[in-house]
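Worksheet for the structure shown next.
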């Protein structure tokens with residue numbers, strides 16, 4: 001049976017992949033997330049950042065690792081709501097793990113240990129570069145599973161993480177178009193969260 005999901009997977013198999021992850025400084029007592037991770041990066045030339053909650057699917061981790069090994073520049077885009085807009089940061093991704101390697105525990109900010117982030121995180125991303133993202137890069141990003149622009153998806157979905165591409169995607173079919181055009185209902189937003197998270 002040729003499903004909608006398998007059709008999308010086939011159409012996007014050759015596209016490069018990146019990760020968009022929401023964060024909020026308020027979740028750990030107002031710590032400056034970007035500043036703290038950049039400080040570790042400056043000292044050790046690498047830093048791990050944790051994703052709490054629902055983990056990235058194993059297949060997605062495999063695809064991203066293979067892409068990194070193949071020499072394709074791969075990024076984690078960190079996005080935080082600030083006022084009426086979003087703050088974007090682009091980070092060079094060099095590895096992914098389901099748990100923090102024991103011998104690399106120094107490659108996380110101190111507040112991770114103080115708040116038991118190390119014991120609770122579901123997915124870990126190892127970064128070797130952190131810089132402000134350019135608008136021209138962000139506007140190209142589309143959610144791999146739906147083809148929708150990430151900027152549009154962030155407004156209509158409660159998901160915390162997305163796999164995206166900046167490559168040209170095939171035109172969306174009717175059933176891949178957003179289900180709502182105006183303000184989303186709570187029901188649609190929840191459904192969208194399950195569809196887009198870890199995609």
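The values are calculated or read from the model by the stated rules, or taken from the named source; none is laboratory data. Given the structure is predicted, the values throughout are model-derived calculations rather than measurements. Cβ: placed from backbone, ideal geometry, glycine included. Neighbour counts: every protein chain shown.
A few notes on this one:
- Verdict on residue 30 being surrounded by fewer than 19 Cβ atoms within 10 Å (Cβ to Cβ), at pLDDT below 95 and in a loop (DSSP other than H, G, I, E, B): yes
- Answer from 144, 127, 107 - the residue that is at pLDDT 90 or above and more than 19 Å from residue 79 (Cα to Cα): 107
- Filter result (free of Cβ contacts under 8 Å to residues at least 60 places away in the same chain and within 24 Å of residue 85 (Cα to Cα)) within region 110-136: 131, 132, 133, 134, 135, 136
- Among residues of region 76-109, those that are in contact (Cβ under 8 Å) with a residue 60 or more places away in the chain and more than 21 Å from residue 166 (Cα to Cα), counted: 4
- Summed over region 69-105, the residues that are surrounded by 12 or more Cβ atoms within 10 Å (Cβ to Cβ) and in a helix (DSSP H, G or I) give a count of 2.
- Meets criteria (part of a helix (DSSP H, G or I), more than 14 Å from the chain's Cα centre (by Cα), without any contact (Cβ under 8 Å) to a residue 24 or more places away in the chain and under 12 Å from residue 130 (Cβ atoms)) for residue 35: yes
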